[in-house]
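The values are calculated or read from the model by the stated rules, or taken from the named source; none is laboratory data. This structure is a prediction, so every number in the text was calculated from the model and none was measured. Neighbour counts run over all protein chains shown; Cβ positions are idealised from the backbone, glycine included. SASA here: full protein model, heavy atoms, side chains in, ligands and nucleic acids out. Shrake-Rupley method; radii C 1.70, N 1.55, O 1.52, S 1.80 Å.
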Amino acid sequence: MDATTITTQPINTQYDWAKQVKEFDETKAGVKGLVDAGIKKLPEFFVYPPESLENLPPKFPLELPTVDFKGVEGGRRREVVEGIRAAASGWGFFRMVNHGVPSAVMEEMLEATRMFHEQRREDKMEYYSGDSKRRVRFNTGGRIRVGVFSWRDILTCVFHDDYLDPQAIPLVCRKEVQEYVKCMIKLRETMAELLSEALGLSSDYLSRIECMKSEALASLYYPICPEPHLTLGTPKHTDTTFLTLLLQDHIGGLQILHKNQWVDVPPVPGTLIANIGDLMQIISNDKFISVEHRVLAQPFGPRVSVACFFSPSSKAADKHFGPIKELLSEESPQIYREFLCNESFTYYTINGQDVESAFPHFKL
């Protein structure tokens, strides 16, 4: 998809947006419900403005950095830490191999995601909700402004302090979600050590401040799209938390913005993708970067992925976060002020869809 070849239809601002959205939400069937109904033309509230669909292909082929975790507890640890430091500071994203999550667990999680979303509407509609306070919810997320939805469905399961009542998780994917989150928690502990060391801190630093002690597991389903040139699976954004670990199936679509060029991140079997979140960039005083990324809508599919977003423990969420003092010096003065995490999340909830970047809000 090239910016010079995109064909779009004008956005009709005269249609009754509220009525169409209300009717869509009342079906409790999500985007998949539209596909099942056989639509050939996108509802107007899924049509993005042309500037959101532009693609800036790299002048030269670019490949996401890969970090091999083999030997991380032995002689290769320094090499692994340096690989993470370089990727987190230069790209904000990196591919992970030999990360310790069994292939069977990953495959079963992807299949469980597919099974949840491909159930009959009647079997999943009880979870349909736009209430972000519900710890288990199914909806179509990603509105970037009034009038625009993303072409995807999401099941979100929120684990506060590493816990969610198993009975709250849909039965069709309960076992797989629990097993996968156990693996994510174990890998998070390793990542906390390695990221701490990559910042030049003691290996237990990030674990001690409990900045990644809670998880939101988003099981995403991107149905086949009848007009993929008019919409996006996920719009351009940065992740608002500290760290994200992403599992993809065999269908591509993920892109990251690197040096003002969109770079494809094709799936590689057995790997995970790590990306730095906004809050990690802030506490690292810009030593690590959080970069924009998106998912293209596709004329084939469905695409399935699972993102695990790490955020602070309940105790840590009530404390102030800001640039880590040990990282500050005359050569690296403090860039951001201190703030409560809840202030950050509230700011993103209220303004995140209407601002290019939230970082200026937290700068000194």
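On full extension, the segment bounded by H250 and D286 gains 9.7 nm, given 0.36 nm per residue less the C-alpha separation.
Charges were assigned to the Cβ only: +1 to each Lys and Arg, -1 to each Asp and Glu. The resulting dipole of the stretch 243-358 about its Cα centre is roughly 280 debye. The simple Förster model, with R0 at 30 Å and r as the Cβ-Cβ distance, assigns W17 and F339 a FRET efficiency of 0.35. Comparing Y163, Q334, H99 along the charge dipole axis of the chain, the residue lying farthest to the positive side is Y163, per the Cβ-charge model. The calculated P(r) of the chain, using every Cα pair and 10 Å bins from 0, goes 5, 24, 34, 26, 10, 1, 0 in percent. Across the chain, the relative contact order, built from alpha-carbon pairs under 8 Å that are at least six residues apart, equals 20 percent.
Between A112, V72, I282, the Cα set farthest toward the positive side of the dipole of the chain (charges on each charged residue's Cβ, about the Cα centre) is that of A112. Stretching the chain fully between F300 and K70 yields a gain of 79.3 nm (0.36 nm per residue, less the alpha carbon separation). Assuming a ≥ b ≥ c are the square roots of the Cα gyration tensor eigenvalues, decide whether the stretch 157-264 counts as rounded (a/c under 1.5), prolate (otherwise, with a/b larger than b/c) or oblate. Oblate, since a/c reaches 1.5 and b/c is not below a/b.
In the chain, what % of DSSP beta bridges are antiparallel (nearest 5)? The answer is about 90 percent antiparallel.
Placing pseudo-labels 7 Å out from each Cα toward the beta carbon at N98 and H320 gives an inter-label distance of 4.3 nm. Full extension of the segment from E118 to E63, taken as 0.36 nm per residue of separation minus the current Cα-Cα distance, would add 16.5 nm.
Loop-resident trypsin sites (Lys or Arg not before Pro) (DSSP state other than H, G, I, E or B) in the stretch 199-302 with no more than 16 further Cβ atoms inside 10 Å of their Cβ: K259. Under the convention that each Lys and Arg Cβ holds +1 and each Asp and Glu Cβ holds -1, the size of the dipole of the stretch 25-89 around its Cα centre is about 280 debye. Within the same chain, lysines fewer than 8 places from K41 are excluded, and of the rest, those with a Cα less than 24 Å from its Cα are K19, K22, K28, K32, K236.
Given a 1.4 angstrom probe, I'd like the percentage of the accessible area of the chain that is carbon and sulfur, rounded to a whole number. On the chain, the fraction of accessible area on carbon and sulfur atoms equals 53 percent. A helix-only calculation puts the chain at -8500 deg cm²/dmol for mean residue ellipticity at 222 nm, using -39500 (n - 2.57) for each DSSP H run of at least four residues, averaged over all residues. In a simple Cβ point-charge model (Lys, Arg +1; Asp, Glu -1; nothing else charged), the chain has a dipole of about 240 debye relative to its Cα centre. Label sites at Q261 and S52, each approximated as a point 7 angstrom past Cα along Cα to Cβ, lie 2.6 nm apart. With the charge dipole of the stretch 169-244 set up from +1 on Lys and Arg Cβ and -1 on Asp and Glu Cβ about the Cα centre, the Cα lying farthest toward the positive end among the listed residues L230, S202, L220 is that of L220. Shown is the FRET efficiency for A86 and L364, computed with R0 = 25 Å from the Cβ-Cβ distance and rounded to the nearest 0.05: 0.35.
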